[in-house]
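The values are calculated or read from the model by the stated rules, or taken from the named source; none is laboratory data. These figures come from a predicted structure and were not determined experimentally. With ideal geometry, Cβ positions are generated from the backbone for all residues, glycine too; neighbour counts draw on all protein chains shown.
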Amino acid sequence: MLSIVNKRYLFFGLSLLIIIPGLISLVLFGLRAGIDFTGGTAWELVLPNQTQPAAAEDVQRIFNSQNFAGNVTVQVSPPNAQKQVLVSVRTPVVKDVETKRGPLLKALQAKYPQASIASLDTVGATVSSESRNQAILAVLAASAAILLYMTIAFRKATHPVRYGVTALMAMLHDVLVVLGIASIFGKLFGLEVDALFLTALLTVISFSVHDTIVVYDRVRENQIHRRTNQSFEEIVNLSIVQTLARSINTQLTALLTLLALSLFGGRTIRDFVLILMIGLISGTYSSIFNAAQLLVVWENGWGRDWRRVFGHKELHTSTAKVY
Amino acid sequence: MRTRDINLLIVVVLVAALAIWINGVPRHDPKNANDRSELWLGRDVHTRLGLDLRGGTQILLQASAPNITSDQLEQARHTIEQRVNGLGVAEAVVQTSGNNRIIVELPDVTDASQALTTIRSTGKLEFVNPGTNQVSNGQTVRTSGSPTPRVPAPATAGITNTATLSQTAPLSKTLTTGPILPVVADGSLLDLSSVQTGVDTTGSPYVAFKFNGTAATSLQQFSSQNIGKPMAIVLDNKVQSVAVIRDTLPGSGQITTNSVADRDGIYNVLKYGSLPVSFDVQSSRSVSPTLGSASINSSQIAGIVGLLAVAIFMLVYYRLPGLLADVALLIYTLISFALYRVIPITLTLAGIAGFILSIGLAVDANVLIFSRIKDELRHGLPLATAVERGFDHAWPSIRDANASTLITSLILYYFGSSFGVSIIKGFALTLALGILLSLFTAVVITRTFLRSVVATGRFRDPWLFAIERSQPATPTTQPLSEV
């Protein structure tokens with residue numbers, strides 16, 4: 001049979017390979033927070049009938065002429081299939097931004113005759129700091145609730161808390177993957193962390209556990225029907241192999257819909273869908289290659305398991321036959 | 001086939017037919033483009049679209065005074081609602097949020113600066129002398145205190161897809177013709193604590209009021225000279241009531257009305273006519289109708305492609321059970337949209353994303369069940385037993401997995417209640433509804449279908465269940481339980 005559990009440290013290493021660069025980026029650059037969490041104003045402008053990207057400096061100049069105190073940042077996309085250039089501008093919070101809308105559009109249309117404002121979002125300082133607190137609370141509350149549920153759901157297993165804690169570790173894995181990649185993408189492509197990002201993150205958390213549960217459920221069941229000479233390691237391996245196809249298939253159906261959303265779903269939610277896809281793939285990986293394997297490591301004892309796999313080679317080969 | 005399955009099959013057909021009926025309800029009045037109502041058994045079931053899909057502005061107002069009672073907030077909400085309605089914005093929503101905030105939603109309005117000016121004005125209450133001019137309730141008039149009122153612009157033919165943002169018609173125009181009515185007493189000098197309702201000795205309902213300072217003297221002077229003549233109560237240039245002066249009013253008086261409803265109307269105008277505190281714009285979001293309709297189109301395509309992709313996957317991978325799951329998935333989609341219409345749930349972009357994602361989740365349970373059935377068939381169990389076992393054995397993981405997603409969506413919904421992240425709420429709502437509904441369609445409906453198909457005894461070819469013909473039970477996988 002396919003042996004997945006034996007290679008557990010290889011899979012842990014692979015996870016670290018993804019997580020560590022993300023962590024470094026998180027420490028160095030942090031996340032690029034959107035206006036939902038920092039406050040500010042986001043303008044989405046559409047310049048039709050353009051064959052070349054508009055010069056960011058031109059748009060910047062137009063905004064500067066309207067006296068926005070503080071930093072104005074402009075991002076310009078290349079023209080899309082409909083020859084539209086999309087411009088996204090961030091300005092600091094100004095009182096009564098609505099009154100600036102008319103004059104700004106007029107100034108913009110002097111340069112780009114058919115320019116229009118697709119959307120205009122302003123988030124005040126109070127609201128953004130509330131959202132920030134709510135976001136942190138939401139992630140903590142979701143983690144706590146899932147840990148509690150797992151412990152209750154697996155109360156009849158030999159060590160119920162282990163299932164909850166290792167599921168949480170797999171979940172943390174997915175959170176770190178998503179945050180790390182978001183940080184790298186923020187640095188490279190200007191990906192912003194906003195309310196939708198938070199939604200994606202929490203969805204990833206729940207899907208991660210969703211997947212882990214399928215594997216754990218098999219472990220629980222196989223333990224009840226275990227043969228006398230079967231080690232826990234073998235039970236876990238058997239469970240993973242048995243559920244491999246369905247773990248991949250359940251994620252595949254979700255990924256198919258996400259792929260459709262990312263291809264056709266419109267630009268407003270593209271980042272959201274991207275984050276969800278990354279998180280889902282990470283969730284499938286961690287539930288197959290990390291979560292249940294952590295149960296084995298815990299069963300064997302954390303330090304002992306390491307020594308057993310990487311300790312004296314001669315000893316390793318001789319013990320391999322025993323279990 | 002057991003009676004229970006036959007009954008369930010009938011229920012499923014009925015529910016699906018009901019969903020089709022609700023989704024297919026025609027427009028209430030096809031001649032009127034502005035009539036968005038679609039009536040089903042007298043209930044309006046048109047699909048509600050959020051501002052991000054139909055275009056419009058959402059504004060969060062926060063009281064500038066630190067301490068505001070819930071009573072004052074409710075007064076302010078009521079006043080703002082009346083002003084918004086006065087602007088002629090269709091389906092506008094004004095609601096309180098927390099203990100010092102008001103959320104205003106203006107569909108189809110992208111440039112909210114005019115609306116904001118009206119909404120945030122403190123509200124001007126005046127007692128005016130109409131003189132010889134005929135004035136009636138609801139009429140907009142010019143007063144000496146406010147000679148240039150704004151009136152709603154003539155209704156245009158509704159927002160169409162071709163209307164571009166730059167051509168947004170002004171919501172209102174300035175009234176520059178007509179007589180200017182002199183102000184007798186300014187509402188800012190009204191003693192609000194004196195405004196009270198009662199019933200006089202003849203049984204007529206009345207509102208009592210009292211002015212202070214210069215307003216009291218000018219009212220006394222005016223009323224003494226104009227007994228038997230009318231005086232109008234005007235709020236923001238709109239005539240609220242016209243009363244005939246019966247006697248000299250010594251700065252205070254009573255307005256007697258014919259009905260209690262009329263009296264309460266006047267009471268509200270006097271008491272709550274002006275905003276109790278001023279409000280600042282804390283946050284606002286506006287989306288152009290063009291972007292909104294583009295979002296609708298793209299999510300429709302994404303939804304259809306997603307649905308098809310999942311359906312084809314299920315059919316190819318699981319064959320006959322997959323086909324049955326696809327029918328259940330179709331029923332799931334129909335019921336979902338029917339529920340959105342009936343409950344009703346306002347669809348936002350994030351909400352639609354939640355729904356599309358739930359399509360993938362809806363077949364998750366089927367994937368788990370069918371894999372189990374395949375396991376059981378490989379162990380050599382007869383078809384009927386394998387189907388039952390497949391459902392029974394897959395249930396614990398389906399239950400636990402869905403419970404964890406449901407918990408998360410409830411938490412998302414709860415945290416989405418704060419304004420800044422309200423986008424989360426729509427996503428959480430459609431996702432949670434999708435989980436509950438898919439448990440019904442993927443487990444109950446699919447099981448009924450599968451049992452019915454098995455009961456016919458015709459579809460026994462292992463190929464239909466994606467099992468290799470005459471495959472021996474693999475020795476490495478142990479039986480799950482004794483036969």
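Table: residues versus (1) more than 11 Å from every other protein chain (Cβ to nearest Cβ); (2) free of Cβ contacts under 8 Å to residues at least 12 places away in the same chain; (3) touching a strand residue (DSSP E or B) at 6+ places or on another chain (Cβ under 6 Å).
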position: A:Leu147; (1), (2), (3): no, no, no
position: A:Leu172; (1), (2), (3): yes, yes, no
position: A:Ala200; (1), (2), (3): no, no, no
position: A:Val209; (1), (2), (3): no, no, no
position: A:His225; (1), (2), (3): no, yes, no
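If we keep just the residues of the range B:377-397 that are surrounded by 23 or more Cβ atoms within 10 Å (Cβ to Cβ) and under 25 Å from A:Lys156 (Cβ atoms), which is nearest to the chain's Cα centre (by Cα)? Don't jump to the end; show me each part of the working.
Going through the range B:377-397, the residues surrounded by 23 or more Cβ atoms within 10 Å (Cβ to Cβ) turn out to be B:387, B:390, B:394, B:397.
Pick out the ones that are also under 25 Å from A:Lys156 (Cβ atoms) and you get B:390, B:394, B:397.
On the way: B:Gly390: 41, B:Ala394: 38, B:Ser397: 35 Å.
Here the residue is B:Ser397.
Look at the range B:359-376 and say how many of its residues are β-branched (Val, Ile, Thr) and surrounded by fewer than 23 Cβ atoms within 10 Å (Cβ to Cβ). Qualifying residue count for the region: 0. Within the range A:254-275, residues that are under 19 Å from A:Leu202 (Cα atoms) and more than 7 Å from chain B (Cβ to nearest Cβ) reach partners that are among the basic types (Lys, Arg) and in a helix (DSSP H, G or I) with beta carbons closer than 9 Å, at six or more positions or on different chains, in the pairs A:Ser262/A:Arg270.
If you check A:Ala125 against the conditions, is it touching a residue at least 40 places away in the same chain (Cβ under 8 Å), within 14 Å of chain B (Cβ to nearest Cβ) and touching a helix residue (DSSP H, G or I) at 6+ places or on another chain (Cβ under 7 Å)?
Details: touching a residue at least 40 places away in the same chain (Cβ under 8 Å): yes; within 14 Å of chain B (Cβ to nearest Cβ): yes; touching a helix residue (DSSP H, G or I) at 6+ places or on another chain (Cβ under 7 Å): no.
Against the criterion (touching a residue at least 40 places away in the same chain (Cβ under 8 Å), within 14 Å of chain B (Cβ to nearest Cβ) and touching a helix residue (DSSP H, G or I) at 6+ places or on another chain (Cβ under 7 Å)), A:Ala125 does not qualify.
Exactly one residue out of B:Phe337, B:Phe355 is more than 14 Å from every other protein chain (Cβ to nearest Cβ), at negative phi and either crowded, with 24+ Cβ neighbours inside 10 Å or not hydroxyl-bearing (Ser, Thr, Tyr) (or both), and it is B:Phe337.
One residue alone among B:Ser409, B:Ser404, B:Ser417, B:Ser422 is facing chain A (nearest Cβ under 10 Å), in contact (Cβ under 8 Å) with a residue 24 or more places away in the chain and within 30 Å of the chain's Cα centre (by Cα), and that residue is B:Ser409. Can B:Thr430 be described as of a type in the set (Val, Ile, Thr), closer than 16 Å to B:Thr333 by Cα and assigned to a helix (DSSP H, G or I)? Judged against the criteria, B:Thr430 is a match.
Listed by first and then second residue, the pairs linking a residue in the range B:66-77 that is in contact (Cβ under 8 Å) with a residue 12 or more places away in the chain to a residue that is buried (at least 20 other Cβ atoms within 10 Å of the Cβ) and assigned to a helix (DSSP H, G or I), with Cβ atoms under 6 Å apart and 6 or more places separating them unless they lie on different chains, are B:Gln75/B:Tyr272.
Having 2 or more residues that are modelled with pLDDT under 85 and within 14 Å of another protein chain (Cβ to nearest Cβ) is the bar; report the strands (runs of 3 or more DSSP E) wholly within the range B:220-307 that clear it. Break it down into steps so the answer makes sense when it comes.
Working: elements: B:230-235, B:238-244, B:252-256, B:279-287.
The strands (runs of 3 or more DSSP E) meeting that bar are B:279-287.
Residues of the range B:360-401 that are out of contact with any Asp or Glu (no Cβ under 7 Å at 6 or more places or on another chain), modelled with pLDDT of 85 or more, in a helix (DSSP H, G or I) and at the interface with chain A (Cβ under 7 Å from one of its Cβ atoms): B:Asp364, B:Val367, B:Leu368, B:Ser371.
Take the residues of the range B:136-174 that are at pLDDT 70 or above and in contact with a Ser or Thr (Cβ under 8 Å, 6 or more places away or on another chain): which is farthest from B:Leu116 (Cα to Cα)? Even if it seems obvious, please write down each step before you answer.
Here is the first cut: in the range B:136-174, the ones at pLDDT 70 or above are B:136-149.
Retained after the next criterion (residues that are in contact with a Ser or Thr (Cβ under 8 Å, 6 or more places away or on another chain)): B:137, B:142, B:148-149.
Details: B:Asn137: 25, B:Arg142: 21, B:Thr148: 17, B:Pro149: 15 Å.
Only one residue fits best here, namely B:Asn137.
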